[in-house]
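Heads up, the thing below is written out as structure tokens.
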Amino acid sequence: MILPLRALTSTIETKVRQAKPSDAPFIINCNSALALETERKRLAPGRVTAGVRALLADPARGVYFIAEVGGELAGQLLITYEWSDWRNGNFWWIQSVYVPEQFRGRGVFRALFEHVRSLAAERKDVCGLRLYMDAHNARARQAYERLGLKQTNYEMFEVEFRNEGVVK
């Protein structure tokens with residue numbers, strides 16, 4: 001799927017595709033940058049590398065999508081799955097969204113999101129899209145709201161069993 005990007009002086013096309021194993025270095029760098037930028041956490045390189053490679057090798061865990069602009073890798077988005085017995089379908093969770101600074105404000109995330117929304121809408125086993133974000137990330141909140149995502153009444157709680165992949 002190719003979508004036009006808004007640019008200052010010209011129209012640039014964004015191509016969105018499913019990630020390949022050869023995209024692993026880009027995804028690893030994006031995930032590391034995302035953790036540092038949004039949560040001020042440094043990810044242990046070996047841990048994030050293993051995690052990305054495990055997901056790329058097993059589509060049952062999730063699927064990364066990559067945006068390309070002019071042949072350059074320009075952003076990523078990860079889908080993971082949550083079964084809903086109430087709806088007899090899967091929610092696709094949007095995670096690991098990252099667009100490098102030089103591509104921000106040019107519609108890259110919109111292209112990724114619209115691609116995933118279109119794929120999900122075509123499938124009978126997908127009942128919706130969900131995502132979570134850091135509560136203090138106002139820029140992300142605005143982007144999500146512009147795309148029609150709505151804040152829900154759910155809050156998130158967790159218990160971590162392994163945190164050795166994060167270096168504070």
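Quick look at the numbers
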{"quantity": "Region 90-161: trypsin sites (Lys or Arg not before Pro) in DSSP loop, at most 10 other beta carbons within 10 Å", "calculated": "LYS124, LYS150"}
{"quantity": "Debye, to nearest 20: dipole size of region 40-80, +1 on Lys, Arg Cβ, -1 on Asp, Glu Cβ", "calculated": "400"}
{"quantity": "Rel. contact order, % - alpha carbon contacts under 8 angstrom, at least six apart, the chain", "calculated": "23"}
{"quantity": "Intensity falloff of the chain expressed as log10 I(q)/I(0), Debye formula with alpha-carbon point scatterers, at q = 0.12, 0.14, 0.16 Å⁻¹", "calculated": "-0.57, -0.79, -1.05"}
{"quantity": "Heavy-atom accessible area per residue - the chain, 1.4 Å, Å²", "calculated": "65"}
{"quantity": "Qualifying GluC sites (Glu not before Pro) for region 67-141 [loop in DSSP, other Cβ within 10 Å: at most 13]", "calculated": "none"}
{"quantity": "Interchain or long-range residues, amide H under 5 Å from THR14's placed H", "calculated": "LEU3, LEU5"}
{"quantity": "Solvent-accessible area, 1.4 Å probe, carbon plus sulfur percent, for the chain", "calculated": "52"}
{"quantity": "Karplus (6.51, -1.76, 1.60) ³J(HN,Hα), θ = phi - 60°, over region 98-112, in Hz, Gly and Pro reported as x", "calculated": "8, 10, x, 3, 5, 10, 6, x, 10, x, 5, 5, 4, 4, 4"}
{"quantity": "10 Å Cβ shell holding at most 10 others, DSSP loop, chymotrypsin sites (Phe, Trp or Tyr not before Pro): longest site-free stretch of the chain", "calculated": "1-85"}
{"quantity": "Considering only region 1-151, percent of DSSP beta bridges that pair antiparallel, nearest 5", "calculated": "85"}
{"quantity": "For the chain, built as a Gaussian network whose Cα springs stay under 10 Å, the top-fluctuating residue of VAL126, VAL116, VAL108", "calculated": "VAL126"}
{"quantity": "By accessible area with a 1.4 Å probe, ligands and nucleic acids excluded, highest first: order of MET133, MET156", "calculated": "MET156, MET133"}
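The values are calculated or read from the model by the stated rules, or taken from the named source; none is laboratory data. Keep in mind that this is a model prediction, so the values were computed, not measured. Every residue, glycine among them, receives a Cβ derived from its backbone with ideal geometry; neighbour counts consider all protein chains shown. The protein model used for the area step is the full one, side chains on, heavy atoms only, and it has no ligands, DNA or RNA in it. Shrake-Rupley method; radii C 1.70, N 1.55, O 1.52, S 1.80 Å.
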